[in-house]
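Data first, discussion second: the structure below is written as structure tokens.
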Amino acid sequence: MISKTLTMIDLFCGSGGVTQGFKNAGFRVLAAIEIDPVVASSYRANHPEVRLYAKDIRWIDPKLILRQCRIQAGSLTVLSVCAPCQPFSTHNRSGILDNRTRLLLQTIRFAEAIQPEFVFVENVPGLLKGKNKQILDVLIRRLKNLGYKLTTPTTVDAADYGVPQHRERVILLGSKRRFVTMPETTHTSPTCAPQLGKLVWRTVQEAFDGLSLLEAGE
């Protein structure tokens, strides 16, 4: 059973887009981690009430976060994990081994210590290919060993959920108590929408409609 207060901790938080999404959905975001000092400063400006750890996640003790956020293991609703996507991206053709691929496995250490009810993992479709898939397989196996029931990693397009942009991402969901499923898509192409009874993909023009015009520099 989900606690009355929905809570989230945001690993690899960036400037706070995922945090904002969870806040819009009614969650209280307790803590976030971001190593890049410039990006972390943007996060602070966007979410000043969230406890931010602006350092390398590998040197952060998740039990310290529990103590400083005054929560117990097992009480957090969602652990959100959006590890750096550059090493998994198909646009990365350097051929050089990127040590950041293993940052995704920090999920295991935090999930074991914090014991969130749900784990949410998001990354680029390249995570499902080649050696990247081996990293994902380790994550899945270890999360299952911790007692999480996992969805099959699924590639979704944000446009199918009402975002005015085609943006494909791999989503993995885990739950301590029961199997969960991906939510049904709400939007589709203009040719398929009437037959499927769904909305047509939103356009940028529709999203910007009604916004005030800005002059250069504003």
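Probing with 1.4 Å while keeping every protein chain in the model, the per residue accessible area of segment 109-218 equals 63 Å². The equivalent ellipsoid of the chain has semi-axes of 28, 22, 20 Å, largest first, where each one is the square root of 5 times an eigenvalue of the Cα gyration tensor. 3J(HN,Hα) along segment 203-216, derived from phi through the Karplus expression 6.51 cos²θ - 1.76 cosθ + 1.60 where θ = phi - 60°, amounts to 9, 4, 4, 5, 5, 8, 4, x, 6, 5, 6, 10, 7, 4 Hz, with x in place of Gly and Pro.
Of GLU34, GLU117, GLU184, which is the most mobile in a GNM of the chain whose springs link Cα atoms less than 10 angstrom apart? Between GLU34, GLU117, GLU184, it is GLU184 that shows the largest mean-square fluctuation. Here the chain exposes an accessible surface that is 54 percent carbon and sulfur, computed with a 1.4 Å probe and the other protein chains kept in place. Once backbone amide H atoms are built at 1.01 Å from N, VAL119 has LEU79, GLY174, SER175 as its partners under 5 Å, excluding neighbours fewer than 5 places away on the same chain. Placing unit charges on the Cβ atoms of the charged side chains and taking the dipole of the chain about its Cα centre, the candidate lying farthest along the positive direction among GLY126, HIS47, ILE114 is ILE114. In order along segment 41-46, the phi-based Karplus estimate (6.51 cos²θ - 1.76 cosθ + 1.60, θ = phi - 60°) of 3J(HN,Hα) comes to 5, 5, 4, 4, 5, 7 Hz; Gly and Pro are listed as x. Neighbours of PRO125, meaning other residues whose beta-carbon lies under 12 angstrom from its beta-carbon, give a summed charge of +1 when Lys and Arg score +1 and Asp and Glu score -1. Length gained on full extension, VAL138 to LYS4: 45.0 nm, using 0.36 nm per residue less the C-alpha separation. With every protein chain in place and a 1.4 angstrom probe, the accessible-area ranking of VAL163, VAL38, largest first, reads VAL38, VAL163. Mean sequence separation of contacting Cα pairs (under 8 Å, at least six apart), scaled by the length of the chain, corresponds to a relative contact order of 15 percent.
Rounded to whole Å, the principal axis extents of the Cα atoms in segment 129-206 read 45, 30, 20, largest first. Within the shell defined by Cβ-Cβ distances under 14 Å, the residues around ALA40 carry a net charge of -1, with Lys and Arg each +1 and Asp and Glu each -1. If R0 equals 45 Å, the separation of the Cβ atoms of ARG28 and SER189 corresponds to a calculated FRET efficiency of about 0.75.
Past 28 Å, Cα to Cα, is the threshold; run LYS4/LYS149; LYS4/LYS133; LYS23/LYS176; LYS4/LYS63; LYS23/LYS149 against it and keep the listed order. Going by Cα-Cα distance, LYS4/LYS133 fall outside the 28 Å limit. Ordering TYR161, TYR43 by accessible surface, largest first, gives TYR161, TYR43; the 1.4 Å probe counts only protein heavy atoms, with every chain in place.
The values are calculated or read from the model by the stated rules, or taken from the named source; none is laboratory data. From a predicted model like this one, the values you see are computed outputs, not experimental measurements. All Cβ positions, glycine included, derive from the backbone under ideal geometry; neighbour counts span all protein chains shown. These area figures cover heavy atoms from the full protein model, side chains too; ligands, DNA and RNA do not enter into them. Shrake-Rupley method; radii C 1.70, N 1.55, O 1.52, S 1.80 Å.
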